[in-house]
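In what follows, a structure is listed as C-alpha cells, so that the remarks can point back to it.
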Amino acid sequence: MPDSWTLLAIAVMTAAAYACRAGGYVVFRQITPTPFVRSVLTFIPGTLFVSYVAPALVKGGPAHWAGAVVTVAAMMATRSIPLALVVGIAAAWGASLL
C-alpha cells in the first residue's frame, strides 16, 4: 500500500492534469480562434508525438530504429494507427531478439 505522500502526489497531479484539460475547454468556450490559430492547433498532436519519440530514438539502438521505420512504413501503407503501432512494436521486439 502506497504511503500518504505518494497518494497525495497522485491526487495533486490528477487535479493539475484535469485543470489543464478543463481549462482549455473553458478558454475556447469564451473565445473564437482565428483560422490561423485553428490551423496551428491541428499540428499540436503530431508535434507532441515527435517530442515523445525523438528522445527514445536518439538514445535507442537498432531495434528502436527498426520499429520506427516499420511503423512509418505501415502507417503510410495502411493509414491505420493501431495496425501501424502493432506492426512497429512487433518489428522492434523482433529486432531486439537478433
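Since every read-out is calculated from the coordinates, none of them should be taken as a lab result. Remember, it's a predicted structure, so these values are computed and weren't measured experimentally. Note that we place each Cβ from the backbone using ideal geometry, even for glycine, and neighbour counts take in every protein chain shown.
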Dividing the helical contributions, -39500 (n - 2.57) per DSSP H run of n ≥ 4, by the residues of the chain yields a 222 nm value, nearest 500 deg cm²/dmol, of -28500 deg cm²/dmol
Between L7 and L98, the two model label points (7 Å from Cα along the beta-carbon direction) sit apart by a distance in nm of 4.9
Calc'd 3J(HN,Hα), the range 18-31, phi into Karplus 6.51 cos²θ - 1.76 cosθ + 1.60 (θ = phi - 60°), Hz, glycine/Pro = x, comes to 5, 4, 5, 5, 5, x, x, 5, 5, 4, 6, 7, 8, 10
Expressed in angstrom and rounded, the centroid-to-centroid distance over alpha carbons for the range 10-24 and the range 33-98 is 26
Among (1) 1.53; (2) 2.23; (3) 1.59, the value of Cα Rg over 2.2 N^0.38 Å computed for this structure carries the label (1)
Length gained, A54-A90, 0.36 nm per residue minus C-alpha separation, equals 11.0 nm
